[in-house]
Amino acid sequence: MTNQTVASVEYLTVEDANTFWLLYGAILVFFMQAGFAMLEVGHVQSKNTKNILIKNVLDASVGAIAWWTSGYGIALGSGNDDVKLLGYSVMGNDNYLLDMDMHTKANWLFQWAFCATAATIVSGAVAERITFTSYIILSAALTAFIYPVVVHAGWGEGFASPFKEDKLLEGCGVIDFAGSGVVHATGGISALAACYILGPRIGRFVNGKVQRLEQQSVIFQTLGTLILWFGWYGFNGVSTLAIDGLSGVAAHTMVTTTIAAATGSLATTGLGYLHEGIVSPTNTNNGVLAGLVSITAGCSTCSPEGACAIGAIGAPVYYYSNKLLTRFRIDDVVGSIPVHGFCGLWGVLAASLFATPRYYSLAYSDEKADECAGLIYGGNTAPLLANLQFMAFLLVWVGGATTLIVYPLKKFGLLRISEDLELEGMDLSKHGGNDSKVIRRKKSMKDNEIIEEYIDEFQRCKKCSEIIPRCTCFPCIPCVPCKKKETA
């Protein structure tokens, strides 16, 4: 009988396991960028397909550089005694330019994926009429400074953080476990300010009535929604930031995330049928997202029954806020403001109502569980007051900072593309052409309606930008006047 050598089993260290957990979460959350891209490309008109896809890729790219140079240090650096407001730290004083240990870089990567999400929320709302340059400026400002300050306030050493050792807001700090407020409301509020200043697309409101503009594909919208739901398990579940001793919290968080998403979808579908008489895929898809955003703050602290209620209430919050926006002639192409802004704020409020002592003790602190539990479960008013103050901070800081960036761009004529370019589509003039049929569009002076003329197989002259018949053998042929000038 031969001797068999049994290899010794080596287990991961706690530090290695926690690092791997964060890396796993970062990949899931970053994959949500694909979901946002599909969702947004499904909502825009085909003439702006390339433009919205490029913006989604650049959100992640610009966000990575901004997060590396300044974002992470501002957000999660140690409290800076030299930069304070009302006695609270406003930004960190270390961890800039990845000056940190090797394992902390996993948290940098995970938090960068969140940062990119906040910026991408805005891109869908302002699509089809904002200039490329202005959008890059806004995206850079969000990821380099606006969003990092919010993170510092809610999760770092700032005024509302529940993770500080002392001076907790109302004795508890804000309950925003995975970012209904920190991430989603930040993106939604920024989108609201930008859309209000930017104005609606041509043809969206005609003679005081809301007009439905072309949407490219409900297939892409649904695919994007399902990808986002998939990635949300990393967004919420991995927000434990460690797996050692917190695997139960992570499991519970993913369960409440599932229940809220399902409830939000069903409730929004039913609400839409009640008002519109149809089962709309847009309502079903956005209902999923409304439930997910609503549960993100309280996903680790509420019960399954609480998650069901939070998702169900998120449905009318989304549906009626969407109606409210159209009444005020605010044009949000993909529904970012109702889903992320309004439902994000509802999620922060809901976390202060539905947190149970048991789940709060597991996710945050056993010592403060009774006093910091939600009002519905016998807690005092401390978490409600803390969360309300954090919501007010988001409205003032994010809304004000975005306005200070966007409004000057408008005053200098840099914010919005020209009317001709908007009618034509940015793909044709900015991104090498539209891969589908070229459409000549013009605006009726009488009622602001868009008149479309389909032009089979046309292209734009490389020399003078006139629309000419597309050449089947050589795509860069100049138009006749330009060709004569070349031969003269």
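Below are the figures for this structure:
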quantity: Which of ASN95, SER321, LEU241, positive extreme of dipole for the chain (C-beta unit charges); calculated: SER321
quantity: Taking ILE405, ILE27 and counting other C-beta atoms within 10 Å, the order from fewest to most; calculated: ILE27, ILE405
quantity: Nearest-20 debye value, the chain charge dipole, Cβ charges on Lys, Arg, Asp, Glu; calculated: 2480 debye
quantity: Derived scalar couplings ³J(HN,Hα) [the stretch 419-428; Karplus, 6.51 cos²θ - 1.76 cosθ + 1.60; whole Hz; x for Gly, Pro]; calculated: 4, 4, 5, 5, 5, 6, x, 6, 4, 5
quantity: Proxy reagent accessibility, fewest Cβ within 10 Å first, across VAL333, VAL339; calculated: VAL333, VAL339
quantity: Value of [θ]222 nm, deg cm²/dmol, for the chain, DSSP H segments ≥ 4, -39500 (n - 2.57) each, nearest 500; calculated: -18000 deg cm²/dmol
quantity: Cα-Cα P(r), the stretch 234-340, percent of pairs per 5 Å interval; calculated: 2, 15, 22, 19, 17, 11, 7, 4, 2, 1
quantity: Top positive-direction residue, dipole computed over the chain with Cβ charges, set ALA392, THR186, GLY432; calculated: GLY432
quantity: Estimated translational D of the stretch 9-161 in µm²/s (Stokes, Kirkwood radius over Cα pairs; 20 °C; 1.002 mPa s); calculated: 130 µm²/s
quantity: Mean separation of Cα contacts under 8 Å (6+ apart) over length of the chain, as relative contact order %; calculated: 18 percent
quantity: Selection from ALA369, GLY231, SER161 lying farthest towards where the dipole of the chain points positive, charges on Cβ; calculated: GLY231
quantity: Principal axes of the stretch 289-431: Cα extent on each, largest first, Å; calculated: 61, 30, 28
quantity: Share of Cα-Cα pairs in the chain lying beyond 38 Å, as whole percent; calculated: 29 percent
quantity: Distant-in-sequence amide H partners of PHE205 (H built 1.01 Å from N, under 5 Å); calculated: GLN211
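Every number in this text was worked out from the coordinates using simple rules, so none of it is lab data. Everything quoted here is computed from the prediction, not taken from an experiment. Cβ sites come from the backbone with ideal geometry, for glycine too, and all protein chains shown count toward neighbours.
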